[in-house]
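The values are calculated or read from the model by the stated rules, or taken from the named source; none is laboratory data. All values derive from a computational prediction rather than experimental measurement. Neighbour counts run over all protein chains shown; Cβ positions are idealised from the backbone, glycine included. With ligands, DNA and RNA removed, areas are computed over all heavy atoms of the protein, side chains included. Shrake-Rupley method; radii C 1.70, N 1.55, O 1.52, S 1.80 Å.
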Amino acid sequence: MNRELEHTALIDEGSGPDAFVCLHGWCCRTGDFAQQVRALSNRCRVFVLDWQQRLIERGGDCSFGDICRDITEAISDAGIERPILCGHSLGGFLAAQLAFNHRLPNKGLLILDSTLPLPEKVRSIWRDAARKLEAGPYMEVFPGIESPFFVDSEAGELKDSIMRAMSEQPPAVAIGLLDEICSYDWDRELVGIDVPVHMVASQHGILNLEAFHAYVPDATSERIKDSGHFITVFHPDRVEQAMCRMMQ
């Protein structure tokens, strides 16, 4: 699989009546959406923003409010109106917050393996992970958090590349984002969403689709068999199909 876009700060390709704003996950890369860009930019605009690098460059804290305001500004500067918001992992949490708290006009939400709503058990696990990373040594602790991310069939150079790029992010930012995601009442955010929503879950992740539907009963969802967390990379066809569905 080709990762030539992995270090690109911004991907903005294609045109058409529909536009996707794609938001990568915690410590991830714009290149995680590279295959979707190649597959769909001939029929729509695909805008992939490295929101985390922008956070680092402006020297801000990890406030989701600040991150969402920066994303909104970037969307406006790009001349994009009413996009479909597509977020993977932490990017899905940001997409939900953009739709609810920031009332960003949009045509719908495509949420890719984001643990919405956030159960208290998972919240506790993530807070513990933040404390372990904080206690360090960071580069020794970080590899221990990979187990939920991959299935055995995904072992190899691509998996190693993903983990290596994640571990190279500034520790303070990685820890700060984990703490920030645990500080919100995501149930309230879900109830306020009033646009079409589709959820794509991995097989071995911790996303509870039934709990999600309890808050967003009109949403649609699917689960990818034998998949790890990085479905945009290892199951690009399924993600592309979901994106096409959102354009119908």
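Which residue pairs have Cβ atoms under 8 Å apart, sit 6 or more places apart or on different chains, and have a first residue in segment 215-226 that is open to solvent by 40 Å² or more (accessible area, probe 1.4 Å) and a second that is among the polar types (S, T, N, Q) and part of a loop (DSSP other than H, G, I, E, B)?
ARG223/GLN203; LYS225/GLN203; ASP226/GLN203
Answer with yes or no whether CYS68 is under 23 Å from GLU189 (Cβ atoms), open to solvent by less than 10 Å² (accessible area, probe 1.4 Å) and without any contact (Cβ under 8 Å) to a residue 40 or more places away in the chain.
Answer is yes for this residue.
Give segment 99-140 a look and list any residue that's farther than 17 Å from VAL216 by Cα and in contact with a Lys or Arg (Cβ under 6 Å, 6 or more places away or on another chain), or say none.
PRO105, the sole residue that qualifies.
Being touching a helix residue (DSSP H, G or I) at 6+ places or on another chain (Cβ under 7 Å) and more than 14 Å from GLY205 (Cα to Cα) is the filter here, so list the residues in segment 215-231 that pass it.
Residues satisfying the conditions are TYR215, VAL216, ALA219, SER221.
With (1) modelled with pLDDT under 95; (2) open to solvent by less than 20 Å² (accessible area, probe 1.4 Å); (3) touching a strand residue (DSSP E or B) at 6+ places or on another chain (Cβ under 8 Å) as the list, and HIS198 as the residue in question, which single condition is left unmet?
(1)
Among the residues of segment 85-105, is there at least one that is outside any loop (DSSP other than H, G, I, E, B) and among the hydroxyl-bearing types (Ser, Thr, Tyr)?
no
For (1) among the basic types (Lys, Arg); (2) modelled with pLDDT of 95 or more; (3) open to solvent by 20 Å² or more (accessible area, probe 1.4 Å), each residue gets a yes or a no:
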{"site": "ILE75", "(1), (2), (3)": "no, yes, no"}
{"site": "ILE84", "(1), (2), (3)": "no, yes, no"}
{"site": "GLY87", "(1), (2), (3)": "no, yes, no"}
{"site": "ALA95", "(1), (2), (3)": "no, yes, no"}
{"site": "LYS107", "(1), (2), (3)": "yes, yes, yes"}
{"site": "ILE111", "(1), (2), (3)": "no, yes, no"}
{"site": "PRO119", "(1), (2), (3)": "no, no, yes"}
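Scan segment 41-63 and report the pairs whose first residue is in a loop (DSSP other than H, G, I, E, B) and whose second residue is open to solvent by less than 20 Å² (accessible area, probe 1.4 Å) and of a type in the set (A, V, I, L, M), with Cβ atoms within less than 6 Å and a gap of 6+ or a chain change.
Cβ pairs passing all conditions: CYS62/LEU177.
Quick check on this structure: which one of ARG127, ARG123, ARG164 is of a type in the set (Lys, Arg) and open to solvent by less than 40 Å² (accessible area, probe 1.4 Å)?
Step by step, each of ARG127, ARG123, ARG164 is checked, and only ARG123 is of a type in the set (Lys, Arg) and open to solvent by less than 40 Å² (accessible area, probe 1.4 Å).
Since ARG54 meets every condition but one in (1) open to solvent by 10 Å² or more (accessible area, probe 1.4 Å); (2) under 17 Å from ASP113 (Cβ atoms), which condition does it not meet?
Against the list (1) open to solvent by 10 Å² or more (accessible area, probe 1.4 Å); (2) under 17 Å from ASP113 (Cβ atoms), ARG54 comes up short only on (2).
In this structure, is LYS132 farther than 30 Å from PRO17 by Cβ, open to solvent by 30 Å² or more (accessible area, probe 1.4 Å) and out of contact with any helix residue (DSSP H, G or I) (no Cβ under 9 Å at 6 or more places or on another chain)?
When the stated conditions are applied, LYS132 does not pass them.
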